[in-house]
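The values are calculated or read from the model by the stated rules, or taken from the named source; none is laboratory data. Keep in mind that this is a model prediction, so the values were computed, not measured. Positions of Cβ are backbone-derived with ideal geometry, glycine not excepted, and every protein chain shown enters the neighbour counts. Surface areas here come from the heavy atoms of the whole protein model, side chains and all, with no ligands, DNA or RNA. Shrake-Rupley method; radii C 1.70, N 1.55, O 1.52, S 1.80 Å.
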Amino acid sequence: MTQLAAHPSARPRTRYTASGLRTDARPLHQSLVNWANTGWLCVFSGVGLSMVGILAIGTTQPGFALRQIAHLCVALVAATAIALPHYRWLERAIIPLTLAALGLLIFVLIPFVPEVIVRPRNGARRWINLGLTDFQPSELAKIAYIMGVASYLRVKQNYRTFVGVLRPLALSLIPMVLVLVEPNLGMTLLFLPMLFAMLIAAGAKMRHILIILVIGLSIAPLSYPLLLDHQRDRIDAILAQMRGDPRHQMDIGYQGSRAMTLVGAGGWFGVGASKSASLIRHNDLPEEHNDMVFAVICCRWGLFGAIITWGMFSVFAFGGLLTAGLCKDPFGRLVAVGIVAALFAQMCINTGMTMGLLPITGLPLPFVSYGGSSMVATWLMVGLLFNIALRRSKYLARQSFEFDSMPQES
Amino acid sequence: MDTRKAIPSMFHRRLALLAIVFALLMVLLGGQMIRLSVIEGSEHRAAAESKLDHREYLPTYRGQILDRDGRVLALDRASDDLAVEYSVITGTWARSQAYVAARTDVGKAKWSSLGPERREELIAERMPAFRQRIEELYQAVCSIGGISRDDLQRTIDDIKASVQSSAAATWERQRQDEMQRFGISEEEFKARPIAAQTDAHIVLHRLSDAQTFEFRRLSQQFPGMIEVQASRRREYPWLTANVPLNRNSLPREIRRDEVQVITVAGVADHILGSVRDQVWAQDMERRPFNLKDGSVDLGGYLPGDSVGSRGIEAVFEDTLRGLRGAVHQRIDTGEKVRVDATPGRDVHLTLDIELQARIQAILSHEFGLTVVHNWQHNQVPLGTPLNSAAVVLEVETGEILAMVSMPTMTMGAAMSTDAERLATGPQVNRASDGIYPPGSILKPLTLAAAVMEGVHNLDTRIQCSGFYFETMKTRARCWIYRPVYGMQTHEALLADEALARSCNIFFYTLADHLGVHRLRKWLDNFGLAHVLDIGLTLRGKDGKVLWSDESAGQLPTDEEIGAWKDRGDTKFNETVMGIGQGPITWTPLQAANAYATLARGGVIRDATLIIDDPRGTRPKRRDDLNLNPRLVATAIEGLRQSVEENYGTGHHIKIEGEENPEVILNSDSVTTWAKTGTATAPPLRTVDLNNDGEINGKDGPGIKDLDHSWFVGLVGPRHGKPLYAIAVIVEYGGSGGRTAGPIANQIIRALQTEGYLPGDPDSPASGQGAPARQEPEDDGGDD
């Protein structure tokens, strides 16, 4: 129960409009900003992971490690910037943000855009050239997507029905297809965990979710012929590796087998800096500073290092879920869940592919992999999370996403 | 539900659910991590660290083959070869160079943004220039190497064809293997390049020093395309020799008082064998280089190694093969461990290569004794060259001093037509692998059998009746019981004279009384139907014969004897065995070996080519036949009379129009104990009439009623003991005394030249002018 102020403040009285009531009915003894919040868990674990990343990159590429420090600084600035305004302003900007993201996604795909602006790499059109660095619209699309879905689920309540669950799924296909065509299969697949996590958190019925998952997994193998050659190759390679078939170790399975060998070579505590540098160099691990950085971590610090890394991601996830739980605002809750799901899923996919559980995708490890675009995007999400954790709820809102018939206490 | 009470808020419950899902994912990932680092950790560590090991292997030398006097018959000699990279040979080098050039010209950043079609265009623009470069290289190679462009092209095309066919075979094998192991379909198979497709291939062998220098310079002008490779070639220094032979002791018709220098090619090449440069799958299986436990057998086989493929090179492959050296370097610490290469061990042969070359010259058609002449009374057309073989053994030790088979492999390779090769069969080592009926050569052994079995008393005389079977007067006759000789018979003879006169009836009698089983037993004792294992038989670990140039010959089997019984001709067959006809065959080596055994009184010391056999001692057949000394003395005496008394069939040759007969063995200072043999030969066919790739009974009737010419015996210093056993055969030579005899005579002179026997080898023919005998002088074999 909210208490009415015993002594109204010296501020001029406002009219009791609905919006006015909303803005004024707030507990006066509490400030709007909660400095001791669960978001720090995410920030500290993020910084820890970034440090691990810098050290890991520095094992074989000290130059890149220095640049990664610069990327971290830029990313921290960006995170701070996004944490400053209350996130409700972002919520209000959701439509233009979404349109901008979609527009950029379409922009990179337009064939006759000059190569100065959209520079293809190996035939993939994913990056916009910003002079100093390349910027991936799909990263921005991820953030916009989380906020868009959170906004949708907050407004619509019909996702408790089966058809209602299918609707957001269908809407998600638009950005997914745009990203898929770049081509970027890894990023496309990341949309699904985000959506499902947010649906689960929002209260969609579990059996609906499970039915969709079962149907989806059953028809997924049928899409094999539709995939591009290199995507099919990667699936072939992982299947061969799992069977113990060494045929593809020297061509399409090369990256996977090298990564697995180096991960295993670390043992309990790793082989140390210089030895791991030699091993990585002579075993010829490709992309050791970005996609395969987890293999470097395992090689240098062993099982211990992997556990520390996963531990920090778990702390991050814990912090994020705690933020979601403590947040009373529905938009904030879902965005927090979405961010945690995005980063955690990306971490699982990346480490899974490094260890030979999944086919090779192009997804980097958040915080750890080298890359300005990825760092900034990740830290933007951390900033958003911190933003959510920072705010105390201003108004008494109906407890959101409670569909059980238990009476609620405020 | 409890959860509702514990966590009242559904949202929080859902968060808890998400947390649990995350936790499960972590467990999954953690599990895989533990599997990789802890359970499989050491394997992966080893695999990763193996890349830090740099191993280089150092080449080694193959062991030498030496003769009894230490002369080197086979050795590895360092040489330089010119090799061209396979990508240049196929032309793909031009494309890869064009790719690099295009990429450099366009710039790495721009290149990665181009699509595949544009990239292809840029590459195609640059390719002709690089193709031109290849052609320039080839022109330079031809000019320095002194070969024509066409020859070089032929070599290159051959290399391409052979690599492609070996790649196809390898891929087929791999495809079958993978289909079986992994159940993949045929289309899924991915062909990986085989080693030969990434190597450089030799186009010019054995460069001269000047060429090596020029080619080294050329390889700097054309980097990455050619290289000068140091290699080892197997050389056989004694393969060709110039042998001076004195013609003054030859039969009168071809005698001249001059020394003829004969060039012989392929001396002992059947025995020495050869190496091949191609390693086969079975070599790598037998002794792989990379062992299953990850270690390395330095003596194991790698592609490009030489492997003995025939002869001593093959039989003693494991002895001759050396061990590679190794340099093991850790890339991270830089420490080096070096193991030097171990050269292969040498093999010492009992051969005397000079004697071998000399005897080969004696058997050469150039010298004339193996060509059909008038005095030989041969039905084969005059001037026809004949194949032949000769073996010389040392009686005391059984060591083979010479073993010649004509034609040699080298002579066969030099033959101009395949037809000639098919007719003469140069790949057969006739001395140890050629099987022939023994004919009269067997007679001393028949005598030995009869005396040792007690069916003949050495004091008994046997009357020569001319024919043995009443009912078959024209079969199983004595050789002088023929119209051409006026149907003569020998008088009652003792054993030694029977040998000397080669009376068939005597030996029919002995064989008849012996019966086939006892005769066969004694022939077996003397080494017939046995592989003597002189060093030309390669056995696998299980004792199975993998390669052999030794034949056992044949004695009648129990089944055959049973078949005789069914046909009812047992008596006839076992009787004619006594004079070496019927189902008995042997090799010239076995003939010399049997006579040596006889000379030793029955002590068995089977012939051998190897001194200090590195394979260990041969299992012996038995130690001693314990021959009756009087038997041995009688047999030896009979052999002596055969060649030294004027009634012996091996003493002289009567020539029409000459008053004095020609003494066959005309050397002084030596005593010879020998037997002539004229053995029935199969019809002579030399043309593959039906073009089926073989010359056999299907190729027409051939020339019938021909004989092989044998001369087998012992020789020693005059008044001394027999020191050496000699066996000579001339295929289709006709009469033993007329054709093989003079050859044996020359071999005795050769032994004198090489110091094995006393006397002057250049002394003119002695023993001339012996009075002509009344009786016929050569045995025409059996009927």
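At-a-glance table
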read-out	value
The range A:328-348 - residue that is open to solvent by 10 Å² or more (accessible area, probe 1.4 Å) and either of a type in the set (D, E, K, R) or more than 13 Å from residue B:25 (Cβ to Cβ) (or both) and, of those, farthest from the other protein chains (Cβ to nearest Cβ)	A:329
The range A:306-319, subset more than 10 Å from chain B (Cβ to nearest Cβ) and not β-branched (Val, Ile, Thr), residue surrounded by the fewest Cβ atoms within 10 Å (Cβ to Cβ)	A:312
Check on residue A:203, small (Gly, Ala, Ser) and more than 9 Å from chain B (Cβ to nearest Cβ)	no
Every residue from the range B:577-595 that is open to solvent by less than 10 Å² (accessible area, probe 1.4 Å) and farther than 13 Å from residue B:527 by Cβ	B:577, B:578, B:579, B:580
Check on residue B:339, more than 14 Å from chain A (Cβ to nearest Cβ), of a type in the set (A, V, I, L, M) and open to solvent by less than 10 Å² (accessible area, probe 1.4 Å)	no
Per-region count, the range B:287-316, residues free of Cβ contacts under 8 Å to residues at least 12 places away in the same chain and either surrounded by 16 or more Cβ atoms within 10 Å (Cβ to Cβ) or over 30 Å from residue A:277 (Cα atoms) (or both)	1
Filter pass, residue A:207 being at pLDDT 85 or above, open to solvent by 30 Å² or more (accessible area, probe 1.4 Å) and of a type in the set (Lys, Arg)	yes
Identity of the residue in the range B:38-79, within 14 Å of another protein chain (Cβ to nearest Cβ) and open to solvent by less than 30 Å² (accessible area, probe 1.4 Å), that ends up nearest to residue B:339 (Cα to Cα)	B:52
Count of residues meeting criterion [among the aliphatic types (A, V, I, L, M), part of a loop (DSSP other than H, G, I, E, B) and either open to solvent by less than 10 Å² (accessible area, probe 1.4 Å) or farther than 18 Å from residue B:517 by Cα (or both)] in the range B:445-473	1
Test: residue in the range B:683-696 that is out of contact with any Leu (no Cβ under 9 Å at 6 or more places or on another chain) and open to solvent by less than 10 Å² (accessible area, probe 1.4 Å)	no
Any helices (runs of 4 or more DSSP H) falling wholly within the range B:92-163 and containing at least 2 residues that are away from chain A (no Cβ under 14 Å), open to solvent by less than 30 Å² (accessible area, probe 1.4 Å) and closer than 30 Å to residue A:182 by Cα	B:92-106, B:116-145
Which listed residue is open to solvent by less than 60 Å² (accessible area, probe 1.4 Å) and at pLDDT below 75, from B:185, B:166, B:208	B:185
Hits in the range A:37-64 - residues which are without any contact (Cβ under 8 Å) to a residue 60 or more places away in the chain and in contact with a Ser or Thr (Cβ under 9 Å, 6 or more places away or on another chain)	none
Residues within the range A:256-282 that are crowded, with 22+ Cβ neighbours inside 10 Å, assigned to a helix (DSSP H, G or I) and at the interface with chain B (Cβ under 8 Å from one of its Cβ atoms), tallied	7
Evaluation of residue B:442 against (1) under 16 Å from the mean Cα position of the chain (by Cα); (2) surrounded by 24 or more Cβ atoms within 10 Å (Cβ to Cβ) (one fails), failing number	(1)
Residue in the range B:690-704 that is in a strand (DSSP E or B) and modelled with pLDDT of 80 or more present	yes
Which numbered condition residue B:716 misses (of (1) surrounded by fewer than 24 Cβ atoms within 10 Å (Cβ to Cβ); (2) outside any strand (DSSP E or B))	(2)
Residue check for residue A:332: touching a strand residue (DSSP E or B) at 6+ places or on another chain (Cβ under 8 Å), not β-branched (Val, Ile, Thr) and not in a loop (DSSP other than H, G, I, E, B)	yes
Elements of type strands (runs of 3 or more DSSP E) in the range B:314-429, at least 1 residues being touching a His at 6+ places or on another chain (Cβ under 9 Å)	B:325-330, B:336-339, B:400-406
Residue match in the range B:476-495 (condition: assigned to a helix (DSSP H, G or I) and buried (at least 22 other Cβ atoms within 10 Å of the Cβ))	yes
Criterion: modelled with pLDDT of 90 or more, open to solvent by less than 40 Å² (accessible area, probe 1.4 Å), over 26 Å from residue A:324 (Cα atoms) and not aliphatic (A, V, I, L, M) - qualifying residue of A:46, A:58, A:53	A:53
Residues being part of a helix (DSSP H, G or I) and open to solvent by less than 10 Å² (accessible area, probe 1.4 Å) - total across the range B:430-439	3
Matching entry among A:220, A:201 (being modelled with pLDDT of 80 or more and closer than 25 Å to residue A:142 by Cβ)	A:201
Subset tally (residues that are open to solvent by 70 Å² or more (accessible area, probe 1.4 Å) and either within 16 Å of the chain's Cα centre (by Cα) or within 14 Å of chain B (Cβ to nearest Cβ) (or both)) for the range A:167-200	1
